[in-house]
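Written below as structure tokens is the structure these notes are about.
Just so you know, all these numbers are worked out from the coordinates, no wet-lab data involved. Keep in mind that what you see is a predicted model, and the values were worked out from it rather than measured. Because the Cβ atoms are built from the backbone with ideal geometry, glycine has one as well, and the counts that use them run over all protein chains shown.
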Amino acid sequence: MRVLVAGATGVIGRQLLPALVAAGHDVVGLSRTAPGADTGPAGMRIVVGDALDRASVARAVDEAAPDAVVNMLTAIPPEIDPKRLAEQFALTNRLRTEGTRNLLAAAGGVKRVIAQGLAYVYDPEGAGPADEDAPLWRRPPGQFAPVLAALQELERTTRDAGGLVLRLGHLYGPGTLYAPDGAFVRQVRAGRLPLVGGGTATFSFSHTYDVATAVVAALAGDQTGVLNVVDDEPAPMSEWLPFLAHLVGAPEPKRVPVFLARFAVGPWGVAFMSRLRGADNTRAKATLDWKPRYPSWRAGFATELGGAAADAS
């Protein structure tokens, strides 16, 4: 199958492209600029097109002539300020809305469409890890509201094209915020990431390698709608943050009350650290015949960050 990957140079794309080639697919990456000589694995090519320019992306898709489209379009900043989330995600929101519309309009009639969503969009009032039928955040904090609206539009557009959205957890692995040199880990090392309100937010994590294998599995099937592609062990921040801090040789995270944290990180930052709901991956494992290499963030963090303390010294 000829697969066009939009967002081929992102942290997921770097894991996905070689996985697709290894699975025997003819892989084409969509890039906004002409690639360098070392872009991508052997066995793939690049077409140039700007997802926000309808004519440009139409020419690129026409040149690629794909059977399937994998939409991983984002522009996530390397460091996130929760008080400026809406501003920082404005381009990503456009890619998820305008970019998705342009991409799918150009690729009309392809056999398979897979897109990237988020699994920490579920309403926090529910109990336990959320499955795909759980309601999304009904009254999200203001900074997160446009991000959620863009994700909902992406899901509608992908569903209307007969596609599948993979709702991903908090991404970790090479190049992510949780990599040894990532912004999140730097904050933990510096003792600048506290447990807010007891650290009651429940996180579901996704290693970028596991996302890549889920995409490969999804391309082989015909599942539509949405699936949670996360690990098997949702965990409160009070559990996983001290574990991560220990791995990287950082001090034990401080505890900060909600009212005090709100001044520093705003309502979205507080919600992110105290209200998020984890996600359940049962349906993805059953329908995609997929399972994560890292079923627990414990093993994944140890693999990715086990030598981080020595590297930082």
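Recomputing Cα extents along the principal axes in Å from the coordinates shown identifies the correct label among (i) 84, 54, 36; (ii) 71, 67, 35; (iii) 54, 43, 36 as (iii).
In order along region 195-212, the Karplus-derived 3J(HN,Hα) couplings, from 6.51 cos²θ - 1.76 cosθ + 1.60 at θ = phi - 60°, round to 8, 8, x, x, x, 8, 5, 9, 9, 10, 9, 9, 6, 4, 5, 5, 5, 4 Hz, and Gly and Pro are given as x.
Give, rounded to the nearest 20 debye, the magnitude of the charge dipole that the chain has about its Cα centre when Lys and Arg contribute +1 at Cβ and Asp and Glu contribute -1 at Cβ. Mind showing how you got there, number by number?
Values: 31 positive and 31 negative charges, 115 e Å.
For the chain, the charge dipole is close to 560 debye.
Only lysines eight or more places from K254 in sequence, or on another chain, were considered; those with a Cα closer than 25 Å are K83.
Between R84 and A105, the contour length at 0.36 nm per residue exceeds the Cα-Cα span by 4.4 nm. Annotation for region 275-294 versus region 239-273: alpha-carbon center distance of 26 Å. Counted by Cβ distance under 14 Å from H25, the other residues give a net charge of +2, where Lys and Arg count +1 and Asp and Glu count -1. Farthest towards the positive end of the charge dipole of the chain, among the residues I46, H170, L4, is the Cα of H170, using unit charges on the Cβ of Lys, Arg, Asp and Glu. Taking amide H positions as placed in the peptide plane 1.01 Å from N, state which residues far from G117 in sequence (5 or more) or on other chains have amide H under 5 Å from it. For G117, whose amide H was placed from the backbone, the distant partners under 5 Å are L166, R167, L168.
List the aspartates and glutamates whose alpha-carbon lies under 13 Å from that of K111, not counting same-chain residues fewer than 8 positions away? Leaving aside aspartates and glutamates fewer than 8 places away in the same chain, those within reach of K111 are D67, D222. Under a 5 Å amide H cut-off, with hydrogens placed 1.01 Å from N, A130 pairs with G278, A279, D280 among residues at least 5 apart or on other chains.
Under 5 Å between amide hydrogens, built in the peptide plane, is the criterion, and for S296 it picks out D232 among residues at least 5 positions away or on other chains. Along the positive direction of the dipole of the chain (beta-carbon charges: Lys, Arg +1; Asp, Glu -1; about the Cα centre), which of H25, F205, A183 reaches farthest? About the Cα centre, the residue reaching furthest to the positive side is A183. When only the Cβ of Lys, Arg, Asp and Glu is charged (+1, +1, -1, -1), the dipole of region 73-151 relative to its Cα centre reaches about 360 debye. What the phi angles of region 218-230 give under the Karplus curve with 6.51, -1.76 and 1.60, with θ = phi - 60°, is a coupling list of 5, 5, 7, x, 10, 5, 10, x, 9, 9, 7, 9, 9 Hz, glycine and proline written as x. Placing unit charges on the Cβ atoms only, positive for Lys and Arg and negative for Asp and Glu, gives region 194-313 a dipole magnitude near 420 debye about its Cα centre.
Counting only DSSP H runs of at least 4 residues, each contributing -39500 (n - 2.57), and dividing by the residue count of the chain, the helix-based mean residue ellipticity at 222 nm comes to -11500 deg cm²/dmol. Placing unit charges on the Cβ atoms of the charged side chains and taking the dipole of region 69-136 about its Cα centre, the candidate lying farthest along the positive direction among I114, Q88, P135 is I114.
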